[in-house]
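Everything below concerns the one structure shown next.
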Amino acid sequence: MMETNVLIVEDDEEIGQLLSLIVTRAGMKVTRAYSGTEALLQVQTNSFDLVLLDLMLPGVSGESFISRVRKEIQIPIIVLSAKIHFEDKVVVLKMGADDYITKPFHQEEVLARMEVQLRKRANHRSERVALEWRKLKVMVEQRAVELDGQSLTLTNAEFDLLCLLMRKPNYAFSKREIYEAIWKGTYVGDDNTVSVHISNLRKKLANITNDDYIKTVWGVGFMLI
């Protein structure tokens, strides 16, 4: 069985040691980084299964780390931060963080959220080729999409949205389910984020085919048909 490698990016020694203890007690390997700059070097030269990331770091900030890593690497990132405002969480999650835990934290919560992200990563790896539906094919690891043999260029959010729909075709996802699955935040009823991304995804599908793939279920949300 392959060892799980976790990168802990935290400049506070006491918190870093506590996180290291949580991770090692769970049987995982720990690598420490004390600045965003050092963390970037680590992910460029080593392979990790998950990152625990502080935001307020010397050198490169946690937000900049997320932005730069997301351009090249798909790895679960859990932010642990003293920033407690809702707006701070939303910004970081939309940038590409997979989860957000506020400090001070409970050890059991950190481990539980790590296990969730690691399970997701394992499930993605097990989807060797693809999710397929009618003439749509999604290569999950390569983050590539084909429709009727033609390549589709999608944003990260559009790709994740399509994957969600393709994992449960003919299931009517509510806007809340979609938002909380993709953006990991609390859904606000008048938020049009989901509708905008659905519209963009439909337009890209329509550039290749006249067939409908996404149905609006009025009063509920959307489903793949």
Taking Glu115 as the residue in question, decide whether it is within 27 Å of Asp54 (Cα to Cα), under 19 Å from the mean Cα position of the chain (by Cα) and surrounded by 13 or more Cβ atoms within 10 Å (Cβ to Cβ). no
Of the residues Ile198, Ile214, Ile182, only one is buried (at least 16 other Cβ atoms within 10 Å of the Cβ), under 30 Å from Ile101 (Cβ atoms) and at pLDDT 90 or above; which? Ile198
In region 1-32, which residue that is buried (at least 17 other Cβ atoms within 10 Å of the Cβ) and farther than 20 Å from Phe105 by Cα is modelled with the highest pLDDT? Thr31
When region 137-162 is examined, which residues are found to be within 22 Å of Lys120 (Cα to Cα) and either of a type in the set (Gly, Ala, Ser) or not in a helix (DSSP H, G or I) (or both)? Lys137, Val138, Met139, Val140, Glu141, Gln142, Arg143, Ala144, Val145, Leu154, Thr155, Ala157
For region 149-184, name all the residues that are touching a residue at least 40 places away in the same chain (Cβ under 8 Å) and of a type in the set (S, T, N, Q). Gln150, Thr153, Thr155, Asn156, Asn170, Ser174
For region 50-74: of the residues being surrounded by 20 or more Cβ atoms within 10 Å (Cβ to Cβ) and assigned to a loop (DSSP other than H, G, I, E, B), which is farthest from the chain's Cα centre (by Cα)? Leu57
From (1) among the basic types (Lys, Arg); (2) in contact (Cβ under 8 Å) with a residue 24 or more places away in the chain; (3) farther than 25 Å from Gly185 by Cα, pick out the condition that doesn't hold for Arg25. (2)
In region 187-225, what count of residues is obtained for those that are touching a residue at least 60 places away in the same chain (Cβ under 8 Å) and not hydrophobic (A, V, I, L, M, F, W, C)? 3
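Assess whether Lys120 counts as being exposed (fewer than 15 other Cβ atoms within 10 Å of the Cβ), touching a residue at least 40 places away in the same chain (Cβ under 8 Å) and not assigned by TED's automatic domain parsing to the domain that holds Asn156. Steps first, answer last, please.
Details: exposed (fewer than 15 other Cβ atoms within 10 Å of the Cβ): yes; touching a residue at least 40 places away in the same chain (Cβ under 8 Å): yes; not assigned by TED's automatic domain parsing to the domain that holds Asn156: yes.
Considered against the rule, which asks whether it is exposed (fewer than 15 other Cβ atoms within 10 Å of the Cβ), touching a residue at least 40 places away in the same chain (Cβ under 8 Å) and not assigned by TED's automatic domain parsing to the domain that holds Asn156, Lys120 comes out as yes.
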Considering only region 104-120, how many residues are over 14 Å from Val23 (Cα atoms) and basic (Lys, Arg)? 2
Kindly establish whether Ser35 is under 16 Å from Val91 (Cβ atoms) and touching a residue at least 12 places away in the same chain (Cβ under 8 Å). no
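Quick check, is Ile77 under 26 Å from Val140 (Cβ atoms) and either surrounded by fewer than 18 Cβ atoms within 10 Å (Cβ to Cβ) or of a type outside the set (S, T, N, Q) (or both)?
On the way: under 26 Å from Val140 (Cβ atoms): yes; either surrounded by fewer than 18 Cβ atoms within 10 Å (Cβ to Cβ) or of a type outside the set (S, T, N, Q) (or both): yes.
Criteria met by Ile77.
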Restricting to region 78-96, give me the number of residues that are modelled with pLDDT of 90 or more and assigned to a loop (DSSP other than H, G, I, E, B). 1
Cβ pairs under 9 Å, 6+ apart, first in region 53-81 and of a type in the set (Phe, Trp, Tyr), second surrounded by 21 or more Cβ atoms within 10 Å (Cβ to Cβ) and part of a loop (DSSP other than H, G, I, E, B): Phe65/Leu55; Phe65/Leu57
Looking only at residues that are closer than 25 Å to Lys71 by Cβ and among the acidic types (Asp, Glu) in region 97-137, which one is modelled with the lowest pLDDT? Glu127
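Give region 33-45 a look and list any residue that's part of a helix (DSSP H, G or I), of a type in the set (A, V, I, L, M) and buried (at least 18 other Cβ atoms within 10 Å of the Cβ), or say none. Lay out the reasoning, then the answer.
Here is the first cut: in region 33-45, the ones part of a helix (DSSP H, G or I) are 36-45.
Subsequent filtering for residues that are of a type in the set (A, V, I, L, M) retains 39-41, 43.
Once the filter is applied, which keeps residues that are part of a helix (DSSP H, G or I), of a type in the set (A, V, I, L, M) and buried (at least 18 other Cβ atoms within 10 Å of the Cβ), region 33-45 yields Ala39, Leu40, Val43.
The values are calculated or read from the model by the stated rules, or taken from the named source; none is laboratory data. This structure is a prediction, so every number in the text was calculated from the model and none was measured. Cβ atoms come from the backbone with ideal geometry, glycine included; neighbour counts cover every protein chain shown.
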